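Working notes, structure below.
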Amino acid sequence: MSKEEYEVSVLGAPQNPAPVMSTVVHVQDEPGVPDHIVWSLFNTLYFNICCLGFVAFAYSVKSRDRKMVGDVMGAQSHASTAKCLNIWALTVSLAVLVIFFIRFIIIPASYKSL
């Protein structure tokens, strides 16, 4: 006889004839709204052309605040704006870097070889 069977046989059946009731708690997950705050911070620190990275960072913080309050629609709206600004900041910054590289590195090197 196992330990559990022995304890049941010694203690006997439950003394309370009332049905056993249980409580179920449903915990809702936090909505998965990306706030793009890391991307915005990166654009603010490294590619801050026309302050687009800083503005994107401000919208990312607003999105995070809205998410903490529970306003999912407001959080999605601010996150979408932050994403758009981050894309523009990255695109413009990379275009400036490419133009700078071509203008000051490749073109002078080609004149030296002539």
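The values are calculated or read from the model by the stated rules, or taken from the named source; none is laboratory data. Just so we're clear, the structure is a prediction, and the values are computed from it rather than from any experiment. Don't worry about glycine lacking a Cβ; one is built from the backbone with ideal geometry, like all the others, and counts go over all protein chains shown. Only protein heavy atoms, including side chains, enter the accessible area calculation; ligands, DNA and RNA are left aside. Shrake-Rupley method; radii C 1.70, N 1.55, O 1.52, S 1.80 Å.
A few points about this structure:
- Residues in segment 40-45 carry Karplus couplings, in order, of 5, 5, 4, 5, 5, 7 Hz; the curve used is 6.51 cos²θ - 1.76 cosθ + 1.60 with θ = phi - 60°, and Gly or Pro positions show x.
- Rolling a 1.4 Å probe across all protein chains gives Cys84 an accessible area of roughly 70 Å².
- Based on protein heavy atoms only, segment 33-114 ends up with 68 Å² per residue of surface accessible to a 1.4 Å probe.
- Two-site label geometry, Met73 and Tyr46: point separation in nm, points 7 Å out along Cα→Cβ: 3.7 nm
- Using θ = phi - 60° and Karplus 6.51 cos²θ - 1.76 cosθ + 1.60, couplings along segment 105-110 (whole Hz; Gly, Pro as x): 10, 6, 5, x, 5, 6
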